[in-house]
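The values are calculated or read from the model by the stated rules, or taken from the named source; none is laboratory data. These numbers come from a predicted model, not from an experiment. Positions of Cβ are backbone-derived with ideal geometry, glycine not excepted, and every protein chain shown enters the neighbour counts.
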């Protein structure tokens, strides 16, 4: 389980970015109250959680798509964009993509 520290660092980094982009909530007389701070912190926690649950697996899948791996036989090599180049000229892929897009459109 060596990925847990990476995941926690990713969650912390995303939280810091969200907090920086949204700005720190101001607590001043009449405008900012304690519930406003709680609302901001709740929003930051929700956004960080959603980002961690969406970004980390998405980036991991992208990383895996650039490799040629058969774990059963311990085969692993860097494929780069070979998979994507193959899909670009594969007629079965484009037929399936067209069928999926046409069914989704209707």
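Worth pointing out:
- For the stretch 60-69, the criterion of a residue being under 17 Å from residue 13 (Cβ atoms), surrounded by 10 or more Cβ atoms within 10 Å (Cβ to Cβ) and free of Cβ contacts under 8 Å to residues at least 12 places away in the same chain is satisfied by at least one position.
Each row is one residue, and each column tells you yes or no for (1) over 16 Å from the mean Cα position of the chain (by Cα); (2) at pLDDT below 70; (3) surrounded by fewer than 13 Cβ atoms within 10 Å (Cβ to Cβ); (4) outside the structural domain of residue 82 (by TED's automatic domain parsing).
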| position | (1), (2), (3), (4) |
| --- | --- |
| 9 | no, yes, yes, yes |
| 22 | yes, yes, yes, yes |
| 25 | yes, yes, no, yes |
| 31 | yes, yes, yes, yes |
| 34 | yes, yes, yes, yes |
| 38 | yes, no, yes, yes |
| 42 | yes, no, yes, yes |
| 46 | no, no, yes, yes |
| 52 | no, no, no, yes |
